[in-house]
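Accompanying notes for the structure given below.
What follows is calculated from the coordinates using simple rules that are stated; it is not laboratory data. Computed from a prediction, not measured in an experiment: that's the story for all the values here. All Cβ positions, even for glycine, are placed from backbone atoms using ideal geometry, and neighbour counts span all protein chains on display.
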Amino acid sequence: MSIRGDLVAPVPPGPLEDKWDNHRFSIKLVNPANKRRFEIIVVGTGLAGASAAATLGELGYNVKVITFHDSPRRAHSIAAQGGINAAKNYKNDGDSVYRLFYDTIKGGDYRAREANVYRLAQISVDIIDQCVAQGVPFAREYGGLLDNRSFGGAQVSRTFYARGQTGQQLLLGAYQALMRQVHLGTVTLIPRTEMLDLVVKDGRAAGVVCRDLNTGEIYSLSGHAVVLATGGYGNVFFLSTNAKNSNVTAAWRAAKKGAYFANPCYTQIHPTCIPASDDFQSKLTLMSESLRNDGRIWVPKQIDDPRSPDQIPEDERDYYLERRYPAFGNLVPRDVASRAAKREVDAGRGVGPLKNGVYLDFSDAIRRLGRNVIEERYGNLFEMYERITGEDPYVVPMRIYPAVHYTMGGLWVDYNLMSNLPGLFVLGEANFSDHGANRLGASALMQGLADGYFVIPYTIGDYLAPMLGERPVPVDDPVFREAEQAVSDLTRRLLSINGKRTVDDIHRELGKVLWDNCGMARSEQSLQKALAEIPAIREEFWKNVRVLGGDETRNQALEKAGRVADFLEFGELMCIDALHRNESCGGHFREEYQTEDGEALRDDENFAYVAAWEFTGTGEQPKLHREALEFEYVKPSTRSYK
Amino acid sequence: MSDKQMRITLTAWRQDGPDAPGRFETYDVPGVSPDMSFLEMLDVVNERLQREGKEPIAFDHDCREGICGSCGMMINGQAHGPERGTATCQLHMRKFRDGDHVTIEPWRAAAFPVIRDLIVDRTALDRIIESGGYISAPTGGAPDANLIPIPKPVADAAMDAAACIGCGACVAACPNGAAQLFTAAKVQHLNLLPQGQAERWDRTINMVETMEEYFGSCTLHRECEAACPKSISIDFIALMNRDYAKAQLAQRRLVGQTFP
Amino acid sequence: MAATLTPRGGVAPVRRPRKGGPAIVRFYRSAVGKKWVMAVTGIALMGFVLVHLIGNIKLYLSKEELNLYGEALRDMPGHLLPRTWLLWAFRLGLVAAFVLHVHSAWGLTVINRRARPVGYQSKRDYVAATFASRTMRWTGLIVLLYLVFHLMDLTWGNANPDFVRGDPYNNLVYSMQRPAVALVYALANVALAIHLSHGAWSLFQSLGINNPRYNGALRRFAYGFAGIILVGNLSFPIAVQLGLVDLACPGDDPVAECNEESGL
């Protein structure tokens, strides 16, 4: 490999399968009796945050965990439907740790760190054991053993699930474990509190500045280490399948304090979401990918066809996925299906009142298998679709369109999940690690829990052990005072603008620019356009946003304003990253870099690295650090779904 | 799909803070699309209020997919509104008619004090979970997941109970302000499973007694079941009642999990 | 700005029952325990109501049958116990059940009031609660008040000017011949039936007797039970008012002719 990176994540020595064991043996430990002398701040209570806080509490650390929700159980992990992968090979279909590792590296389009991914695959097995012991009611077969299904085009059945509510059940398991620690007094839970800054002293993370959302009080928490588990940044697009309150603020403010933000351009678009119905649409709803197993995707051949779907005869329909990808048909990977849909809609063949979707038609399946079978397989999804759209998908074809769903990029971390700022650990979707440029279905839950239950509890000790006897930086230290002051100044500034436009209005505008120019497909031209427009929107925001009310009671517009202010800076970084990466890979598709068949064209020679960006000032060109990716075990190859 | 727009009259509870007196305010809301969700209708009202220089109506919401349990309000006297098995965020305006008068009010219970407008503090539900709503399984010590087969009907029943999203609609809908459905769902999710047997009786006692420190008692009105966005059955309340009596009155050292 | 972490969030409990004490006391302190007691005493009271009805049906046979039934009650259980001991045991049991039933209802009402001190300011729209379930407190209170009158009227006699101790048949007929009394009796029994239509079902839930296979049957049982009590008990004032049942010893001095030792 020709790339020379300036950023190195020390990966433990030895064969791939022994690296994690070797590492656990060689890292420093904290004596059980000394663990209570360490204060750890965990931000976020999704799968990663809750599992980390619970496990660190069990080990005896003093943990404070904050969430902006009223209860840890509301974190957006709860909305994951599909399932969680694990290399259990319960189905005896040839799965193994190595195969899961291989699939993840390949699915991530060779942009992930091998050692991390292998560890993830190893740990996947323990996660299932842990969750079952906690009482997670996974689906079972009649014999009483756990059921598995194949998911997202995987060739083995390794996905464990709990109806369509796997994320909910796993999060409740972690939440319950967390509440047990709260009860035992090892963890202090601080709900309705938002982290608004990271405090760094002498190059190390020393604590966070928070705001009590109910009272507006701004105060600091100090600790020996800070663990961020604050999720992804999909809401930068305004419309996404993310929860309305998901945001980039914690990660972005850490980035502004010196943490590198890696691969922000890797965003995953999910092909089967319900299209927006009007301009008031506030978020998009995902429909499980499994629908593509039996549904056929088509659009009318004629542009702007006004007819209702049942009026369009068979030979005037274009089953474009089946036509272009005869081998995989409707089951091509997420990114391929998404781009194909965009192509049809952009060409004017979109369906629905806003011409913004494609049909997902079950009439053939219903004819072939009978309504009962379809009802059994997808009944709850059909019901959900009907509730949202008012259309009966048994009669009228569903309308679907891709939507932003998951973000692979995040704060850069090393093998210990520590960022370049010592003492700042980043878990789950908030870090950039294990998925490379594209995440496999049912792997997000696996990564969040792996990080929280099984990685951070060991690796944090390596950082803490030498600090024994040191007190955390007191919260009346000037670094905390200054950070608190900066946060209150920002709050006051937002409240004092009193312009004409609402926060949502500006956010919507930003989202549209990003979706049009840095969405499913990007080009140099579109990215340059976005980079020209975003600073103007940012300026508009700071001049003309209207945030009413005060800062001493609950003020949701104020909270939102702070988050959108960060999106306005972060969105720019996303475009810069996308513009610099002159290749197409996974969730990043550059129109200039595609094969003749329209497939993503990777450039391993020049881009097999992690792009970690250092913040240098708002509106300034960030500094690029490269971590070279080396593939000792899985040799990069090109995907083909023809 | 429908193109026709509706006009509704919205009466909303406004309360500036926990100790401020509340009041109803009425707004004329034209241009409501039947495809809007109820919360999107509120978004539209809020956008307009802000343009007019008035503070928006505060309401809790997050996933807008009916799973996080953040949203919830009384809509025309019903928790989560008129559609069964549906959280407020999944209620759509097509359930209303042009010209309808819609009144919204926060959940009311002593344990759910109003924070602002329609937002209430539901941390009392966390206290119930904290008191025993878990299986003590520290990370790392778990046996293989397939070691204990669990009959499918048992796993399914546990899942039925575990589907609870913790929104508090059961408390809001209950004429007694009881949290029996919430508590029973968690107690029975865990009590039904083999993994949950070791702590079954203590869990039941602790959770029931914590629940009763905050909430009312069950008269079996079934309003909770009707309001529950996951349609959780009150059968679980009966099972919890049985477990509680057994936990308090039976000779625990001899009561195995197979006791009737 | 706070320098130290203050406890945040959280709501104070509205009720802090004492801990400890014998298991049964601790159990009764809890609302679930009170409901359980309510269900058990409810069953006892249902048993009484049913037996009372069956006994009273003898009204339709003859004065002698009714009065012999009263006599039999006092004689239970033959020569195994001194006369009226078992009857008194039943009476004391009934009184205890009644007191506990009312006491737990009172306790639960207090708990529920505390759980929602500020009610809804807009109109509630109930979807599942029945008229019966929502009026348990009031139907219970009506039955309680009526019971006092019923005892004064037919057991102690101080509310019945024609009361003759030991002649239940004529006392009953006299009483029911007064339209106001018949009406009050009828209304109280309607309240009782409404009370039972919810109580006779919900007691199973309170006791944890639940199986989806026969939950429907339990519901029907409650309605059936309430219906039998309603029809049976209402038949008496109607029969008397319509003259289908009349005094057994018409005349100026019913006492002289009809006085016999009798029960209840």
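Calculated over the stretch A:81-181, the projected area of the Cα convex hull averaged across directions stands at 7.0 nm². Restricting the chymotrypsin sites (Phe, Trp or Tyr not before Pro) of the stretch A:119-198 to loop positions (DSSP other than H, G, I, E, B) with no more than 16 neighbouring Cβ atoms within 10 Å leaves A:Tyr142.
A convex hull fitted around the alpha carbon atoms of the stretch B:6-116 yields 103 Å³ per residue. For the stretch B:123-249, the fraction of alpha-carbon pairs lying more than 21 Å apart is 36 percent, rounded to a whole number.
Pair-distance distribution P(r) for chain C, from all Cα-Cα distances in 5 Å bins starting at 0: 1, 5, 9, 14, 15, 14, 12, 10, 7, 5, 3, 2, 1, 1, 1, 1, 0, 0, 0 percent.
Partner aspartates and glutamates whose Cα lies under 15 Å from the Cα of C:Lys34, excluding those fewer than 8 positions away in the same chain, are identified as B:Glu209, B:Glu212, B:Glu213, B:Asp243. Over all pairs of different C-alpha atoms in the stretch A:592-642, the reciprocal of the mean inverse distance, the Kirkwood hydrodynamic radius, equals 13.7 Å. Restricting attention to the protein assembly as shown, close to 70% of DSSP beta bridges with both partner residues there are antiparallel. The C-alpha radius of gyration of the protein assembly as shown, expressed as a fraction of 2.2 N^0.38 Å, stands at 1.06.
Its Cα gyration tensor gives chain A an equivalent ellipsoid; the semi-axes, largest first and in whole Å, are 38, 29, 24. With kT/(6 pi eta Rh) evaluated at 37 °C and eta = 0.692 mPa s, and Rh the Kirkwood radius from Cα pairs, the stretch A:270-404 diffuses with a coefficient of 221 µm²/s according to Stokes-Einstein. Taking other C-beta atoms within 10 angstrom as a stand-in for reagent exposure, A:Val413, C:Val190 fall in the order C:Val190, A:Val413, fewest first. Over the stretch B:92-165, the pair-distance histogram of Cα-Cα distances with 5 Å bins from zero comes to 3, 9, 10, 13, 14, 13, 10, 9, 8, 5, 2, 1, 0 percent, rounded to whole numbers. For chain A, the mean residue ellipticity at 222 nm estimated from helices alone is -11000 deg cm²/dmol, where every DSSP H run of n ≥ 4 contributes -39500 (n - 2.57) and the total is divided by all residues, rounded to the nearest 500. Taking a sphere under 12 Å around the Cβ of A:Asn85 and counting the other residues whose Cβ falls inside, with K and R at +1 and D and E at -1, yields a net charge of +2. Residues of the stretch A:340-364 falling in the label zone of A:Asp279, defined by backbone nitrogen less than 18 Å from a point 7 Å along Cα to beta-carbon, are A:353-356. For chain A, DSSP calls about 70 percent of its internal beta bridges antiparallel.
Annotation: the antiparallel percentage among DSSP beta bridges lying fully within chain B is about 75. Per-residue ellipticity at 222 nm computed for chain B from its helices equals -10000 deg cm²/dmol, with DSSP H segments shorter than 4 residues left out and the rest contributing -39,500 (n - 2.57).
For chain C, find the longest principal axis of its Cα atoms and tell me its angle to the long axis of helix C:63-75, 0 to 90°, nearest 10. With rounding to tens, the tilt is 60 degrees.
Global size of the stretch A:363-481: 23.6, 72 Å for Rg and Dmax (C-alpha atoms, Rg to one decimal, Dmax whole).
Pop the C-beta distance of A:Glu632 and A:Lys257 into the FRET formula with R0 = 51 Å and round what comes out to the nearest 0.05. In this case the efficiency is close to 0.90.
Averaging over all projection directions, the Cα-based convex hull of the stretch A:482-604 occupies 9.2 nm² in the image plane. Between the stretch C:133-163 and the stretch A:150-170, the alpha-carbon centres lie 63 Å apart.
Computed over chain B, the range of Cα coordinates on each principal axis works out to 67, 41, 37 Å, biggest value leading. Annotation for the stretch C:203-248: trypsin sites (Lys or Arg not before Pro) lying in DSSP loop with at most 12 further Cβ atoms inside 10 Å of their Cβ are C:Arg213.
Straight-line reach from A:Lys19: taking Cα to Cα under 26 Å and skipping same-chain neighbours fewer than 8 places apart, the lysines in range are A:Lys28, A:Lys35, A:Lys88, A:Lys106, A:Lys635.
Within the straight-line cut-off of under 29 Å between alpha carbons, the lysines reachable from B:Lys95 are A:Lys244, A:Lys283, A:Lys355, B:Lys4, B:Lys54, B:Lys230, C:Lys123, sequence neighbours fewer than 8 places apart in one chain being disregarded. Restricting the stretch C:144-187 to chymotrypsin sites (Phe, Trp or Tyr not before Pro) that sit in a DSSP loop and have at most 16 other Cβ atoms within 10 Å of their own Cβ leaves C:Trp156. Using DSSP loop states and a limit of at most 16 other Cβ atoms within 10 Å to flag trypsin sites (Lys or Arg not before Pro), what is the longest stretch of chain B containing no flagged site? It works out to B:98-251.
Based on the Cβ-Cβ distance from A:Asp202 to A:Asn31, what FRET efficiency comes out when R0 is 30 Å, to the nearest 0.05? In this case the efficiency is close to 0.75. Put the Cα centre of the stretch C:70-124 next to the Cα centre of the stretch A:580-623 and the gap is 79 Å.
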